[in-house]
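Working notes for the structure below.
The values are calculated or read from the model by the stated rules, or taken from the named source; none is laboratory data. Since this is a predicted model, take the numbers as computed values, not measurements. All Cβ positions, glycine included, derive from the backbone under ideal geometry; neighbour counts span all protein chains shown.
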């Protein structure tokens, strides 16, 4: 089991999952929903900086609490997935197995999340 827990201040209350080797197409309206996507980018809401640090868990295991807010895929041709903020700062790079990666996201409160849990197939082999 792999599990990474990150707490970080973010200027805007949104984070991105994408392949760092790809020129990403960000969804045109990231405020439209708690999770918005394109084929190569997943955007999801986190706690705004006025409420403290954004708290994100990334694991290869499902979350046992909260509400599942997303289940889908993102293109990962270089087989790396990055967690970045709106300043394009990379908080975490993770190896994945395939050129298309399955992702599930849970949150405690989709309208104003205090935390997010991201499940993806992390590949350390």
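For residues in the stretch 99-120 being at pLDDT 95 or above and in a loop (DSSP other than H, G, I, E, B), which is nearest to the chain's Cα centre (by Cα)?
Top of the filtered list is 120.
Within the group 50, 88, which residue is within 16 Å of residue 22 (Cβ to Cβ), surrounded by fewer than 15 Cβ atoms within 10 Å (Cβ to Cβ) and at pLDDT below 95? Write out each step before concluding.
Working: 50 fails: within 16 Å of residue 22 (Cβ to Cβ).
The match here is 88.
Please enumerate the residues belonging to the stretch 15-44 that are modelled with pLDDT under 95 and not in a loop (DSSP other than H, G, I, E, B).
Hits for the stretch 15-44: nothing passes.
Among the residues of the stretch 53-92, count how many are more than 11 Å from the chain's Cα centre (by Cα), closer than 19 Å to residue 37 by Cα and not in a loop (DSSP other than H, G, I, E, B).
Residues in the stretch 53-92 being more than 11 Å from the chain's Cα centre (by Cα), closer than 19 Å to residue 37 by Cα and not in a loop (DSSP other than H, G, I, E, B): 9 in total.
Answer with yes or no whether residue 33 is surrounded by fewer than 17 Cβ atoms within 10 Å (Cβ to Cβ) and without any contact (Cβ under 8 Å) to a residue 12 or more places away in the chain.
Details: surrounded by fewer than 17 Cβ atoms within 10 Å (Cβ to Cβ): yes; without any contact (Cβ under 8 Å) to a residue 12 or more places away in the chain: yes.
Criteria met by residue 33.
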